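Below is one structure; the comments refer to it alone.
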Amino acid sequence: MKKNAALTPFAKAQAAVLRAVTPLPTVRLPLEKAFGFVLRETIRADRPLPPFNRSAMDGYAVRYADLAKGVRRFRRAGTLEAGNAWRGKARPGECLKIMTGAPVPAGFDAVEQVEKSKTGGEYVELFTEAPERWQHIHRMGADCINGARLIAPGDPLTPGRVAVAASVGAASVTVTRAIRVAVIATGNELVDTAQEPAPYQIRDSNSRFLLARLAEIPWAATTFCGVIQDDPRALRRALAAAMKKNDVLIVTGGVSMGERDHVPGVLTECGVQNHLYKSAIRPGKPIWFGIKGKTAVFGLPGNPVSVAATFREFVLPALRKMAGFGVAVPPALRLPLMFPARKKHALREFRVGCYVDGGASVVPVPGYQGSGDFVSAARSDGLIVIPEEARELPAGTVVEFHPWNF
């Protein structure tokens, strides 16, 4: 299609953005303040995990050799709770009452759960049917050996990884510092959320969407720089000020070809080197991206769904690379379409979609009216990707699905 000849294919456009950004410097943080940040060092085990043979049940520790011989009546030699050590010795015909998490003393190599026991005085009868050595024992080193790599550079510190880091004594960790992100909305038609709009005006929703999205990212420190009118001088002042203080600037609106779309020209005047203008996608075709010094600048289209799509497909991967993720592009799901999909153009299309059948399939949001329809888009779970070459996808076709929840 001739009118799309100057458009950059999506894959090349995304790659151009990722080539232009680099990981930010690191900082050392206490572990309790590093949740969600991206690790930039290797966390290794400082001892085997578990560090000892640990009882997995409340019950009785016994010698497997006794069980194998058919012994089921044992003399109780003592009681051992988690956090304590036992000074005794495992002897034939004796058992040790033991609590979950307690270290199983040497000589004992099986635990029977308390539910399968009967106590009478100093003796315990066990109802073990098919004894196994090491039953109900979490053996030393079963999770990992001493020195094993547990968390790699580029991994975000999820709650599970924070627990692992804590278990090996990583009281502080090296992570990528927080990314400073500024958000600016442009347009004479925009008014603040709390303001009553005139009949020809709309409330600013794009910046609120971006601020909410960025608030979900623990390693993003976000500043809202307000709504700027379509005036080159006002834009120049606002954009220049934002770029001085931030690692990333996101501007919504004013990036297309209209007479009042000043953002690309003003950014160029401010010394931003352009790396991308217009990609062969729908929605979001007029996306703009550039670099000034160490600041990455995104100009996103003004339509709300275009903002959501270009943030997910361009801004988020760039942020992840700057944060030091091992994989910059968020992973995609591959799910079948419940209904057929058609398009007439040669662009990559992102359609807002929902999970159906408990997440086993996806379907375009019913009644969706295009890139300005943020009401319908708010009911979606993510973006269905219709490839460039596709014109008709039958029901059941497996497609990429990009969830909003990254």
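Just so you know, all these numbers are worked out from the coordinates, no wet-lab data involved. Keep in mind the model is a prediction, meaning the values are calculated, not measured. Positions of Cβ are generated from backbone atoms using ideal geometry, with glycine treated the same way; all protein chains shown enter the neighbour counts.
Structure notes:
- Residues in the stretch 244-279 that are within 26 Å of residue 221 (Cα to Cα), assigned to a strand (DSSP E or B) and in contact (Cβ under 8 Å) with a residue 60 or more places away in the chain: 7 in all.
- Qualifying residue in the stretch 340-354 (condition: of a type outside the set (Ser, Thr, Tyr), surrounded by fewer than 22 Cβ atoms within 10 Å (Cβ to Cβ), out of contact with any strand residue (DSSP E or B) (no Cβ under 7 Å at 6 or more places or on another chain) and free of Cβ contacts under 8 Å to residues at least 60 places away in the same chain): yes
- Here residue 85 does not qualify as among the small types (Gly, Ala, Ser) and in contact (Cβ under 8 Å) with a residue 40 or more places away in the chain.
- Exactly one residue out of 71, 124 is free of Cβ contacts under 8 Å to residues at least 24 places away in the same chain, crowded, with 17+ Cβ neighbours inside 10 Å, more than 30 Å from residue 218 (Cα to Cα) and aliphatic (A, V, I, L, M): that is 71.
- Matching residues, the stretch 143-154, being among the hydrophobic types (A, V, I, L, M, F, W, C), outside any strand (DSSP E or B) and touching a strand residue (DSSP E or B) at 6+ places or on another chain (Cβ under 8 Å): 148, 152
- Residue 398 farther than 30 Å from residue 215 by Cβ, in contact with a Lys or Arg (Cβ under 9 Å, 6 or more places away or on another chain) and not charged (D, E, K, R): yes
- Residues of the stretch 155-199 that are in a helix (DSSP H, G or I), surrounded by 15 or more Cβ atoms within 10 Å (Cβ to Cβ) and among the aliphatic types (A, V, I, L, M): 162, 164, 165.
- Within the stretch 268-282, the residues that satisfy the criterion of being surrounded by fewer than 24 Cβ atoms within 10 Å (Cβ to Cβ) and either out of contact with any Lys or Arg (no Cβ under 8 Å at 6 or more places or on another chain) or under 17 Å from residue 12 (Cα atoms) (or both) are 268, 274, 275, 276, 277, 278, 280, 282.
- Considering residues of the stretch 41-51 that are surrounded by 16 or more Cβ atoms within 10 Å (Cβ to Cβ) and out of contact with any Ser or Thr (no Cβ under 8 Å at 6 or more places or on another chain) only, the residue farthest from residue 124 (Cα to Cα): 43
- Condition met for residue 18 (of a type outside the set (Lys, Arg), under 30 Å from residue 287 (Cα atoms), within 34 Å of the chain's Cα centre (by Cα) and not in a helix (DSSP H, G or I)): no
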